[in-house]
Each structure stands twice: as structure tokens, then as C-alpha cells.
Amino acid sequence: MNKLLVISGASRGIGAATAERFRDSGYRVISFSRAASGNAAFHHIAADFSQPNWPGEIENLQELISEEHEITLIHNASMIRKDSVHNAASELANVIQINVIAAQQLNELILPHMQKGSSILYVGSTLSEKAVANTLSYSVSKHAVVGLMRATCQDLAGSGIHTAAVCPGFTDTDMLRNHIGNDEDVIRDIESNVSYSRLIRPEEIAEALLFCATNPVINGSIIHANLGQIES
């Protein structure tokens, strides 16, 4: 059976590295994102997940997905904002739309095409099971991503489609660096709280996602991919 990766947010960071890794493993790649990945080997579908009606703009999807494909669907698109319990209400709905609701919308779009042996994978975060100050909407949304994965597992029982959530720790991406203002002192402080004393490479998360896609025994599982964080 031919293999197909459908991934959101593959224009950079973890998404770009994951699309490349799956492509190297023989998958055809369809990417949903606002910006194209820059790799002509991927089929890019423009989608603005901040708009609740974005699925209505997708055309010719049936022509792109053959019934002979074993599909891996990866929910990677994400937004992070600096906010807190004092001021998060204005951002919360938009962050949840992009990080959670759009993932479910994509599930409903792709699931009718998925055969036994396919998988649905969610990219969570170290903040899927804890929180830090001034990251309220992101933390709430990533907790919800784990809940969505667990509900996916229950609803797809007996279908032959498995699911998992990979929760990266501090990964060297534009999103992280922009969130901390590209402050190298903050990077060094983060690294001091990682047992390997470095940031995770996007390619390492890509490898974890490929493992999850090809191992249905982890169905319903959370994979903590954080190099071992030092808890204070």
C-alpha cells in the first residue's frame, strides 16, 4: 500500500523537518499551511486555520488522496502567545481555534479517506501536562490537544487507525526563539534545565513522529520527547 503524510504547519520548524523525514521514508506529502514549505516535492494546500470556515475553501482533495494510501495525519500547526490569567481572554479563542479546533476540522476532512493501518498524530508540548507563567492560552490549548488524542483513540477503537501525542520539550524553532525575544541568555537558562544541556533539534521530533506512525502498539499514548527536563 502506498504511504501518504498529511501534515499541518510544515513550512518551518518541526513540521518542515517531519515532512522531510517522512518523504525520505517513501511517503508522499500533502501540507496544509498558510505558507508553502519551499519543497516542490510536497503538495501544498493553502489553509488559514485561524478562520473557522477554512475547510470550505479546500477543493479537489478527493483527487489528491487515493483510497490505496495508508495515511499518517499529523497535527503540527500551532500558535503561542504571551498572556496570563490577567489578560488571556482576548487571545484564548484564536489560539484554541488554531491549536485544537482546526485539528478536529482536519480530522473530519481526512478521516473518510483513511484505511486500516493509518494513524493520527498530535504534536503536543511539555506544557500539555504542566504550565508556566505567562503562557496561559498555549498551555490550555496543549492540554486540550492531549484530550483530543485520547478521545480520538476511544472513538476509533476497532478501526485499525491508531493515535498518539508527541510532546516536545524546548525545541530549537523560530516559534520558540521569537517567543523569548531571541534572547541568548534565556536560551542558556533553558538549556541549563535540560539534562542534555541543549535544545532539541526539530529532526529529533520528526524521528519520534515517524516511530509513532509505524508502531500502533502505542495507540492512545503520550510520548514525552524532551531530552529529560530537570524539575525544580
Quiz item: Given the chain, what count of lysine pairs have C-alpha atoms under 23 Å apart, with each pair 8 or more places apart or on different chains?
Solution: 4
Quiz prompt | Charge dipole (the chain, unit charges on Cβ, about Cα centre) - positive-most of 144, 27, 187 | solution = 144
Self-check item: Spacing of the two label points (7 Å from each Cα toward its C-beta) at residue 193 and residue 35, in nm
Solution: 2.8 nm
Exercise. List the residues whose amide H sits under 5 Å from the amide H of residue 47, counting only those 5 or more places along or on another chain, with H placed 1.01 Å from N in the peptide plane.
Key: 33, 34
Quiz item: Quick one: Debye curve from the C-alpha atoms of the stretch 1-103, no solvent, what's log10 I(q)/I(0) at q = 0.23 Å⁻¹?
Solution: -1.24
Quiz item: Can you list the residues, at least 5 places off or on another chain, whose amide H is less than 5 Å from the amide H of residue 122, using H built in the peptide plane?
Solution: 75, 164, 165, 166
Quiz item: In degrees, nearest 10, range 0 to 90: what is the angle between the Cα axis of helix 13-24 and the longest Cα principal axis of the chain?
Solution: 40 degrees
Quiz item: What does the charge count near residue 146 come to, summing +1 for each Lys or Arg and -1 for each Asp or Glu among other residues with Cβ under 14 Å from its Cβ?
Solution: +2
Quiz prompt | Within the chain: Cβ-based charge dipole about Cα centre, in debye rounded to nearest 20 (Lys, Arg +1; Asp, Glu -1) | solution = 200 debye
Quiz prompt | Integer Hz, Karplus 6.51/-1.76/1.60 couplings in order for the stretch 52-68, x for Gly and Pro | solution = x, 9, 4, x, x, 8, 7, 10, 6, 5, 4, 6, 8, 10, 7, 5, 7
Quiz item: residue 172 versus residue 151, label points 7 Å from Cα toward the beta carbon: distance in nm?
Solution: 3.7 nm
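Any read-out appearing in this document is the output of simple, stated calculations on the displayed coordinates, not a laboratory observation. Quick caveat, the model's predicted, so the values are computed rather than measured. Backbone-built Cβ (ideal geometry, glycine too); neighbour counts: all protein chains shown.
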